[in-house]
1. With unit charges on the beta carbons (Lys and Arg positive, Asp and Glu negative) and the dipole taken about the Cα centre of chain B, which residue among B:72, B:86, B:27 sits farthest to the positive side?
2. Over 24 Å between Cα atoms, which of A:35/B:100; B:56/B:100; A:18/A:51; A:35/B:77 qualify?
3. For a quick size check, give me the Cα extents of segment B:68-110 along its three principal axes, largest first, whole Å.
4. Just checking the output field for A:27-35: average partner chain Cβ neighbours within 10 Å of each residue's Cβ?
5. Measuring from centroid to centroid over Cα atoms, what is the spacing of segment A:1-68 and segment B:9-65 in Å?
6. What does the protein assembly as shown give for Rg and for Dmax, in Å, if only its C-alpha atoms count?
7. How crowded by other chains is B:39-51, given as the mean number of beta carbons from other chains within 10 Å of each beta carbon?
8. Based on the Cα atoms of segment A:55-109, what semi-axes does the equivalent ellipsoid have, where each is the square root of 5 times one gyration tensor eigenvalue, given in whole Å with the largest first?
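All of the numbers you see were taken from the coordinates with simple rules; none came from a lab. Predicted model, so just to flag it, every value in this text is computed and none were measured. Neighbour counts run over all protein chains shown; Cβ positions are idealised from the backbone, glycine included.
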Amino acid sequence: NTKITQSPRYLILGRANKSLECEQHLGHNAMYWYKQSAEKPPELMFLYNLKQLIRNETVPSRFIPECPDSSKLLLHISAVDPEDSAVYFCASSQERTASGNTLYFGEGSRLIVV
Amino acid sequence: GDSVTQTEGQVALSEEDFLTIHCNYSASGYPALFWYVQYPGEGPQFLFRASRDKEKGSSRGFEATYDKGTTSFHLRKASVQESDSAVYYCALGDTGNTGKLIFGLGTTLQVQP
C-alpha cells in the first residue's frame, strides 16, 4: 500500500525520544494512530478529523500526536517503556461518521524497546 | 459497550476447502460491520463491509451477510488457496459516534497446499 506511507518502518530505542511519521495520498479527512501488540488486534490511540483531535484514548502522556496538515500525522514518543514495543499503524478514512468508517492502514512502524 | 466475538485461534485447512469464520457482535441499532485481512509484516487490509440487515459484502471470493436476527457477519469462502493464509479480523463501527472501529481478536487461517 503506497497510498499511506509510514516512516521509519523499524525502530530500536532505549529510553530516547523519537517521532513516527505518516502521510496519506487518498484525500481523506480523518487520520488515526493504532497500536498493535503481538498476537493482538489493533487498538485506537488517537483520531484526527480535519486536523482536529477528536478522540484521545487513554494512552500514556509520553505519546503526543501532531497533525500538521490533513494529509500528515506524527507521533512523538518520549522516554519509551518496554511495554511500548509494538507496531504502530497509521490509518485514514474519508471522514469520521456515526455509521462507521472504512479505514485504510499503512504498513506500520515496528518499535522495539531495548 | 459494543463488542465483537469471532472464531478463536487458528483454522487449518487444505487448498480448495470451504472456509467459515464466525463473527457475532453486540451493539445497539445497525452498526457497520467489516472484515479485514492482515498478512505478516503488513497493515490490515479492508476486505468489505455491510451496513444493513441482509446486505452482503464480498471481495476476492470472500463473502459475508449482515444478519440482524442472529447478530452475525460470518466470513465464508468456497475454495481457499494457500495465498489466503493470513489473520482475519471482524470489526464493527462504534455506535457511540466516536469514529472508532472495534476489532475482534482475530482468526489465523493456515492453508496447506
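1. B:27
2. Numbers: A:35/B:100 13 Å; B:56/B:100 22 Å; A:18/A:51 21 Å; A:35/B:77 29 Å.
Over 24 Å Cα-Cα: A:35/B:77.
3. 38, 23, 13
4. Details: counts 0, 0, 0, 1, 0, 3, 0, 4, 0.
Mean shielding by partner chains, rounded to a whole number: 1.
5. Here the two parts' Cα centres lie 25 Å apart.
6. Every Cα atom of the protein assembly as shown included, Rg and Dmax give 17.6, 52 Å.
7. Numbers: counts 0, 0, 5, 7, 16, 10, 3, 6, 0, 1, 3, 0, 2.
That works out to 4 on average.
8. Details: eigenvalues 103, 33, 31 Å².
Semi-axes, largest first: 23, 13, 12 Å.
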